[in-house]
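Structure, as structure tokens:
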Amino acid sequence: MKLKWSAVVFGALIDVALSIALSFVVLIGYASILAAKGMSEAEIQLNLSDPLSTATFALVLISVGVFADAVAGYLTAKFAGYLEYWHALFMIMTVMLLHAALKGESLIPLWYEVLAQMMGVVAAFYGASIYKKSRL
């Protein structure tokens, strides 16, 4: 069987769009919390530019990405209808390539990036497995 590339592209677009939307919500919420604590605008911008400024912020950002990857894996598998894991694999590889291509200079350490990417792959397969199990 051949891969349904429209499902791969659809899943990658969903993953990127959902990640961006949820990240904006998290950033706005975190900035509001920091502003309520009386931080200056410069301090808030500094904290927002470094996801490792607090462990909680780092975990929330990774969780947002993992959630988006799982949803995209599920929707990719559902849209494909067959070879669910292969479609999810190519979808998450597309997302990872986009991430690598668009990534500029960053303060984020390599171990954080690798951890987030590995968890994203697992989440995409988990999302695909949820759909596959629901069909059985």
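Bear in mind these aren't lab numbers, they're just calculated from the coordinates by the rules spelled out. Keep in mind that what you see is a predicted model, and the values were worked out from it rather than measured. Backbone-built Cβ (ideal geometry, glycine too); neighbour counts: all protein chains shown.
Remarks
- Filtered by the rule that a residue be closer than 25 Å to Q45 by Cα and either over 17 Å from the mean Cα position of the chain (by Cα) or not small (G, A, S) (or both), region 68-103 gives H99, L102, K103.
- Residue-level check: of (1) touching a residue at least 60 places away in the same chain (Cβ under 8 Å); (2) under 13 Å from A12 (Cα atoms); (3) surrounded by fewer than 17 Cβ atoms within 10 Å (Cβ to Cβ); (4) not acidic (D, E), L75 misses just (3).
- Residues of region 32-53 include at least one that is free of Cβ contacts under 8 Å to residues at least 12 places away in the same chain, touching a helix residue (DSSP H, G or I) at 6+ places or on another chain (Cβ under 8 Å) and hydroxyl-bearing (S, T, Y).
- Candidate set from region 1-28 (those that are over 19 Å from the mean Cα position of the chain (by Cα) and part of a helix (DSSP H, G or I)); member that is surrounded by the most Cβ atoms within 10 Å (Cβ to Cβ): W5
- Condition check for A80 on (1) among the small types (G, A, S); (2) touching a helix residue (DSSP H, G or I) at 6+ places or on another chain (Cβ under 8 Å); (3) surrounded by fewer than 20 Cβ atoms within 10 Å (Cβ to Cβ): one failure, at (3).
- Taking (1) within 17 Å of V9 (Cα to Cα); (2) more than 14 Å from the chain's Cα centre (by Cα); (3) small (G, A, S); (4) surrounded by 14 or more Cβ atoms within 10 Å (Cβ to Cβ) in turn, A31 satisfies each apart from (1).
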